[in-house]
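The values are calculated or read from the model by the stated rules, or taken from the named source; none is laboratory data. The structure displayed is predicted, hence computed values, not measured ones. Cβ atoms come from the backbone with ideal geometry, glycine included; neighbour counts cover every protein chain shown. For accessibility, only protein heavy atoms count, side chains too; no ligands or nucleic acids. Shrake-Rupley method; radii C 1.70, N 1.55, O 1.52, S 1.80 Å.
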2 protein chains.
Amino acid sequence: MKIGWIGTGIMGASMAGHLLDAGHELRVFNRTHAKARALIDRGATWCDTPAVAARGAEVVFSIVGYPVDVREVYLGDDGVLSAVESGAVLVDMTTSEPQLAIELADLAAERSATMLDAPVSGGDTGARNGTLAIMVGGEDRAFRRVYPLFEAMGSTIRLMGGPGAGQHTKMANQILIASTMIGVVESLLYARRAGLSQDEVIAIIGSGAAGSWSINNLGPRIASGDMNPGFMIRHFVKDLGIALKEARRTSLALPGLALVEQFYQAAIAQGLADRGTQALYRVLDGLNTAEPRADGGDRR
Amino acid sequence: MKIGWIGTGIMGASMAGHLLDAGHELRVFNRTHAKARALIDRGATWCDTPAVAARGAEVVFSIVGYPVDVREVYLGDDGVLSAVESGAVLVDMTTSEPQLAIELADLAAERSATMLDAPVSGGDTGARNGTLAIMVGGEDRAFRRVYPLFEAMGSTIRLMGGPGAGQHTKMANQILIASTMIGVVESLLYARRAGLSQDEVIAIIGSGAAGSWSINNLGPRIASGDMNPGFMIRHFVKDLGIALKEARRTSLALPGLALVEQFYQAAIAQGLADRGTQALYRVLDGLNTAEPRADGGDRR
């Protein structure tokens, strides 16, 4: 199949690679050419703009950074919608705004194309191994047409509803992670203050009713002081901002989310934007210590 | 072995039953005689006071309601410490205050006995099946002596440190559950407001980085409106109060815990004390709806 692919960052490069492996013809665009190099070496065709990548493609995928980037990729002067083929399916896999997904789906329909929103979870590991969860919003017919391509990238693939439903599902996912993370952090802070071994506490509480992916995977990193990013705070804060914006739009009070988002904002203020989401521990630890901080966040 | 057992509520009756099954001689006391009936029918000896249950026993277990009950059972006029045998091991399995555990361990030592704090997690199912997690604080020698008895009741048994360490570990467990629960509730509120199927959202987000025991076990109950207690809000609020008290004692700010505890207090104010912890959903749902509430909490 002739496929346009826009966005070859860590996630996008792995995901597009699976489509190349499956024998598809890929036309790629990325803001930074160097990051598309490996795909081009494997046979993908470089395109100078999103419009060029979309031209003649039956399906166009995008996975970029922020909603503003999604807007540029689709609606810019050289954007996908300026060149999209009638009958094509457009799939934005960026974690982005539900309202933007709806707007783009309407604009695509005006050009006789169909747009799906299909954000993922599973991180760089899931992207590399083709085991992502893919949460899709849009029309069933387009979903079924693209499904074999999704299967090359993910192991859990669900159509959640109409346009925006994929993004909404991803927001539900991030809202759940946010409060779980403050639970993990406060639990481990309490444990340390009480003189317990954090690792031993994780070992006993992680398998019961308090258990979660976060305590079992990020808890041990916190215990060992490893704040390297599985998922960067910078990106998580973007997602939480989208969730809060959408909640405000629908007058939905989510006090837990609002509180956690504030501490993640503090993390950014403290220079932790490029650390993993588990570095929330640093913020709450800092709140509970008398030591001055002079090193921008690298103290435990 | 000759064993004293104090407290034959839902948890205690199952746990004591496993010791009877293992062939031990049980001397039981409970505030309400009727709740000890089944154990007496199976061969346990009824005792009129905790002191009588403790007399001549090599090991005494207790699992009662609140810290004030623990205090009465051990320090009351007819309490365990008034009659404890020299060399006996006392094991309080109530979820109670770490500082009380330390105080009782000291008082037991004055009477040449040893006290362990050993709260559990796993609920009535874990108690019935003998698969509880048992978090123990106290001396290693006493722990090893009682270990075979713990094995009859639990499948994960750990000595976490000195007196109070079992209670501290249980508090870390409850702190983690508290914020995870608000995440579950807000995630599902968001999903419903966005027009998604809560069950479908749980199915896709419950297996990835947002996954937890709470979303996978209590999420579906919330989605179906089932607020029956696995674990009652009344008891959870007791535990969160102990955690907050201990955090205050050590000047540890836990803003996530404090927020969630307030919403659980609201749940009690709304008549939800005897509903399951998942009924936190009702409180946050009520916060986000214009309908007046007249039924004390049974509206979805």
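Can you tell me, using C-alpha contacts under 8 Å and at least 6 residues apart, the relative contact order of chain B as a whole percent?
Numbers: 548 pairs, mean separation 37.3, N = 300.
RCO, chain B: 12 percent.
Report the B-A buried area as the accessible area lost on both sides summed, probe 1.4 Å, in Å² to the nearest 100. Don't jump to the answer; show the numbers that get you there.
Values: alone 13610 and 13580 Å², together 22350 Å².
Looking at B and A, the buried total is near 4900 Å².
With the Cα gyration tensor of chain A giving a ≥ b ≥ c as the square roots of its eigenvalues, does the rule (a/c under 1.5 for rounded; else a/b larger than b/c for prolate; else oblate) give rounded, prolate or oblate? It would help to have the intermediate numbers written out before the result.
Details: a/c = 2.11, a/b = 1.92, b/c = 1.10.
Prolate.
In region B:235-268, what residues drop by 50 Å² or more in accessible surface going from the chain by itself to the full protein assembly, probe 1.4 Å?
Output list: B:L252, B:P255.
Could you give each residue of region B:140-150 its phi-based ³J(HN,Hα) in whole Hz, using Karplus coefficients 6.51, -1.76, 1.60 with θ = phi - 60°, and x for Gly or Pro?
Once θ is set to phi - 60°, the couplings for region B:140-150 become 4, 4, 5, 4, 5, 5, 8, 3, x, 6, 4 Hz.
Would you please give the residues with an amide H less than 5 Å from that of A:W46, counting only those at least 5 places away or on a separate chain, with H modeled from the backbone geometry?
Here the answer is A:V28, since their amide H atoms fall under 5 Å of that of A:W46.
Please report, as a whole percent, how much of the solvent-accessible surface of region B:2-163 comes from carbon and sulfur atoms (probe radius 1.4 Å).
Details: 3030 of 6520 Å².
Here carbon and sulfur together make up 47 percent of the probe-accessible area.
Using the Karplus equation 6.51 cos²θ - 1.76 cosθ + 1.60 (θ = phi - 60°), what ³J(HN,Hα) coupling, rounded to whole Hz, does each residue of region B:57-73 give in order, writing x for Gly and Pro?
3J(HN,Hα) across region B:57-73, in whole Hz: 7, 7, 9, 10, 9, 9, 8, 10, x, 10, x, 5, 6, 4, 4, 5, 4.
Only bridges whose two residues both fall in chain A count here: according to DSSP, what percent of them are antiparallel, nearest 5? Could you put the intermediate results ahead of the total?
Numbers: 4 of 29 bridges.
The answer is about 15 percent antiparallel.
Mind grabbing the base-10 log of I(q)/I(0) for the protein assembly as shown at q = 0.05, 0.07, 0.13 Å⁻¹? Debye formula, identical points on the C-alpha positions, no solvent, two decimal places.
Log-scaled intensity ratios, in q order: -0.27, -0.50, -1.23.
Of the residues A:P255, A:P163, A:P229, which exhibits the maximal mean-square fluctuation in a Gaussian network model of chain A defined by a 10 Å Cα contact cut-off?
A:P255
Beyond 26 Å, what share of the Cα-Cα pairs of region A:1-110 is found? Please give it as a whole percent. Each step should come with its number before you reach the end.
Details: 549 of 5995 pairs.
That fraction is 9 percent.
Given H placed 1.01 Å from N in the peptide plane, which residues other than close sequence neighbours of A:A88 have an amide H under 5 Å from its amide H?
Here the answer is A:T114, since their amide H atoms fall under 5 Å of that of A:A88.
Within the accessible area of region A:168-292, what % is carbon and sulfur when the probe is 1.4 Å and the other protein chains stay in place? Spell out each step's value before the answer.
Numbers: 2040 of 3990 Å².
Looking at region A:168-292 in its full context, I get 51 percent from C and S.
Tell me, which residues of region A:192-215 get at least 50 Å² less accessible area when the other protein chains come in, versus the chain alone (1.4 Å probe)?
Listed in order, they are A:R193, A:L196, A:E200, A:I204, A:I205, A:A209, A:A210, A:W213.
Can you give me the accessible area per residue for region A:163-232, using a 1.4 Å probe, in Å²? Could you put the intermediate results ahead of the total?
Values: 1790 Å² over 70 residues.
Computed with neighbouring chains in place, this is 26 Å² per residue.
Report P(r) for region B:175-244: all Cα-Cα distances, bin width 5 Å, range 0 to the bin holding the largest distance, values in whole percent.
3, 16, 26, 25, 15, 10, 4, 1
Within region A:49-89, find all residues whose amide N lies under 20 Å from a label point positioned 7 Å from the Cα of A:R37 along Cα-to-beta-carbon.
Residues passing the 20 Å test: A:49.
Where does chain B land at 222 nm, in deg cm²/dmol rounded to the nearest 500, when only DSSP H runs of n ≥ 4 count, each adding -39500 (n - 2.57), divided by all residues?
Numbers: 14 runs with 152 residues, N = 300.
Using -39500 (n - 2.57) per qualifying helix, the result is -15500 deg cm²/dmol.
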